[in-house]
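The values are calculated or read from the model by the stated rules, or taken from the named source; none is laboratory data. This structure is a prediction, so every number in the text was calculated from the model and none was measured. Ideal geometry is used to build each Cβ from the backbone, glycine not excepted, and the neighbour counts take in all protein chains shown. The area values use the complete protein model at the heavy-atom level, side chains included, leaving out ligands, DNA and RNA. Shrake-Rupley method; radii C 1.70, N 1.55, O 1.52, S 1.80 Å.
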Amino acid sequence: MERIWTSNDRDGSLPPRLLFSEGPMTEPSTRPELLAPAGSLESFIAAMEAGADAVYAGLRDFSARAKARNFTLADMEQISSYAHGLGRRVYVTLNTLVKERELPQLVETLATLEAMEIDGVILQDLAVARLARDHFPGLELHASTQMTIHNAAGVKMLERMGFTRGVLARELSLAEIASIRKQTTLELEHFIHGALCFSFSGQCYFSSWLGGKSGNRGRCAQPCRRRYSYRQQQGYYFSTNDLSAIDLLPELTAAGVCSLKIEGRMKSAEYVSAVVGAYRRVLDAHPKGRAEAVKAAKEQLKQSFGRLPTRGFLPGGVPTDIAVPSIKGATGRFLGEVSAVRGGAVTFCSRDRLHVGDRLRIQPRSDKAGTAFTVKELFQGKRPVKAVGGGTVVTVPSPFQDLFRVGDAVFKVSSEQAFTLSDAACRRRLTAAAGRPVPVRMEVSLVEGLLHLKGEAAGLLLERSYPVEAFAAQESPLSAETLSGVFSRSGGEPLALENLSASSLPPVVIPPSRLKEIRRDFYRELSAALRRQGEERLRKHRASALAALLPPASSRPSPRREITIGLRDLRELQLLDDPGIDRLLVPLTPATLQMVERSERRLRRYRDRLVFELPLILFDPEWEGFRQAVRSLANREFTRFRLNNLGHFPLFDGLEGMELETGYRLFSLNSQAILAWKELGASRTGLYIEDDRDNFRDLLSRETGIPCHLQVYGTVPLITSRIPIRGVRPDQPVLSDRDEAYRVDGRGGLTLLTSETDFSLLGRLGEIQSLGCGHFTLDLSHLGSDSSR
């Protein structure tokens, strides 16, 4: 059953980056990496100046932060060169889901990133992993937190598939992280600061449900930050405070986290500078001065305009401060409420110092988004001023006419002391930067008037011989040291002499001008050969990847319709006597397993029509119990299972004849992802419920070799969370300002938010079937007993 991906050999020119020694361990062998967000050029420079060891940045395509300014490929090359020149690293976030017709563009992007020797790509869609693994071996693969990796089994799967790093789910405790560390050699990355999602990352459908803006396509509208009411009590029930682990850095390092990640690609350069600087201060502090450093860092973090801090799940147990309904979910420092509006000017009593150049956001009382602007004028009464202290009534003109209302909240989101390097200045700095030179190893000999050079760089060998006029040495004859001094200067070529050995050197001297001429000629030729090698490698890798993309089939017969009914348990097994129902889907729970054990004889004739669905979240203490349950069912010849997380695949290691299918939570928006699931053992795959008609048509026209199924009815968990909401029960709905009703239900230590309106594509079955998908799932488990009636 076990299928393993293997990663190809990395190009020899790429330096090793393992931050932990090989083998399971609990103690780190070096200090962790401080990883900063870069959503703009200013933020990137701010991160570098504040001491980040690495940054993660997105392109204008394939980024889970589409609203960030992001970068072109040309920008990214300059950023990478600048960072490499400082000995820092750059990771590119390709952590969005990819549609079928975007695959050629993805190939071009991967080819370019490999050519510029980017340090790693952070991904969610297995299409990125599969294409990189098979065609771009110079790219290291980092699993995004969007992949919901939350147990040791998931991390082990990443290892099998050739990943070098996994970004763990933010719902884990230090103890859980340490347990994972003992079972893997993979680099582990974890968020230490910034905004938290109420839902497990990658598993939120709230934004898409409300307005068709998918968070997994980088367009989250953040409905969790809005105000809702429950039993006439208004609150921000799904809005989390910001993570801040500034006083847990030694514990995170001891737990085995090698990369400490700061959230914030949508944040300002000022935020990046303040937060990176605070964490750098603590990481670099001597143990005896750590307490003082933490105290100073916390004061520094107060200037970052974030939400109230929480340590989240890291300390263990259920955090009580992670989501407080009475706290507004907006970022920034609260200044007060608007007391008067005249045209575009607002008047309020500012709780904090306010200065011309500060940036404000006016947040309405409703759940609508706030509006931000920079303070260009400031009035105390009728008198213009440059600044006021806290407790002062001020009037601030804005460029927006009649938009604000009395009672709206005012937040300061940036100060006049913000990072001020302009975009143009940042670009000038990047242009002047030197990148990471290619190391060169040389052998030199002098025989019969010819100076023989043999240079090796990035796997390329160049040999040349140059005639020289040599003179008997009176003192300081030609030596390896002399030659190293000459060839240590590259003359502007992106090369760096790593070592030089010399043999057959007679006691002579060669005019320095001739040696410099030879150096210039040899290095110029070596650089040109390296460029040609890189261009040829780029061409071959790109061509092989494009050739591997599946073409649309000329014609495909319309598939037979198959109906799968999802139920709460096995009590309605008689539904399989209905000729219109082909399969039943039931959750794999202890209760389900007991029913199978009690009614095995009655169930035998339905073995091929029963599918057991695994729960999305399986923390490590639960995982072994489910492995035993799977084996118990397999021993009774029940072989059909639906998987919803990468960590489910190892449950079936060593078992033969299993028929596994992926659910919609394992993302399949393109044929490369489907082929990846097929390679991992899936015999059918679930189409993604946030997808659209055009992509269904494009995807289903490809011949992947396994059928697809689609959920067409049911209640979709809009949020799946580990955060409890005290006092909110499923007996009454939570209402939005638009009177949309949602239910909050707690199950097995998780919180689920569902809409009272069911998800339904029942009116489009014929259309979907004509596109090429005839296997439909109707989830009726929320309707209770006799739900099929």
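Points to keep in mind about this one:
- Annotation: peptides 642-652, 422-432, ranked by per-residue average of other Cβ atoms within 10 Å with the highest first, follow the order 642-652, 422-432.
- Simple spin-label estimate for Ser632 and Arg531 gives 6.7 nm between the two label positions (7 Å along the Cα-to-Cβ direction from each Cα).
- Counting every C-alpha pair in the chain, the share spaced more than 33 angstrom apart comes to 59%.
- From its DSSP helices (H runs of at least four residues, each -39,500 (n - 2.57)), the chain gives a residue-normalised ellipticity at 222 nm of -8000 deg cm²/dmol.
- Cα centroid separation, region 620-698 to region 531-553 (Å): 30
- Extension gain for Thr347-Leu73 works out to 94.2 nm (0.36 nm per residue, less the C-alpha to C-alpha distance).
- Residues in region 337-472 average 53 Å² of solvent-accessible surface per residue, probe 1.4 Å, ligands and nucleic acids excluded.
- Stretch gain in nm, segment Ala547-Asp653, where the contour uses 0.36 nm per residue and the Cα spacing is subtracted: 34.9 nm
- For the chain, the longest principal axis of the alpha carbon atoms and the long axis of helix 103-115 meet at an angle near 30°.
- With coordinates expressed along the principal axes, the C-alpha atoms belonging to region 58-155 extend over 37, 32, 30 Å, beginning with the largest.
- For Asp577 and Ser513, the difference between the fully extended length at 0.36 nm per residue and the C-alpha to C-alpha distance is 13.7 nm.
- Ordering 666-672, 678-684, 562-568 by mean Cβ neighbour count within 10 Å, with the highest value first, yields 666-672, 562-568, 678-684.
- Each label was represented as a point 7 Å from its Cα along the Cα-to-Cβ direction; for Glu337 and Arg605 these points are 6.9 nm apart.
- Label point at Glu251 placed 7 Å out along Cα→Cβ; residues across region 291-334 whose backbone nitrogen lies under 11 Å: 311-317
- Region 566-642: GluC sites (Glu not before Pro) in DSSP coil with no more than 16 other Cβ atoms inside 10 Å: Glu637
- Just so you know, the averaged projected area of the alpha carbon convex hull for region 418-520 sits at 9.1 nm².
- Percent accessible area from carbon and sulfur atoms, region 269-310, protein chains only, probe 1.4 Å: 54
- If R0 equals 45 Å, the separation of the Cβ atoms of Gln232 and Ile563 corresponds to a calculated FRET efficiency of about 0.60.
- The residue list Met157, Leu168, Ser208 was ranked by how far each Cα lies along the charge dipole of region 135-259 toward its positive end, using unit charges on Cβ atoms, and Ser208 comes out on top.
- Solvent-accessible area per residue for region 678-755 (1.4 angstrom probe, square angstrom): 39
- Dipole-positive endmost among Tyr91, Pro137, Val107 within region 83-155 (Cβ charges, Cα centre): Tyr91
- Region 486-562: chymotrypsin sites (Phe, Trp or Tyr not before Pro) in DSSP loop, at most 12 other beta carbons within 10 Å: none
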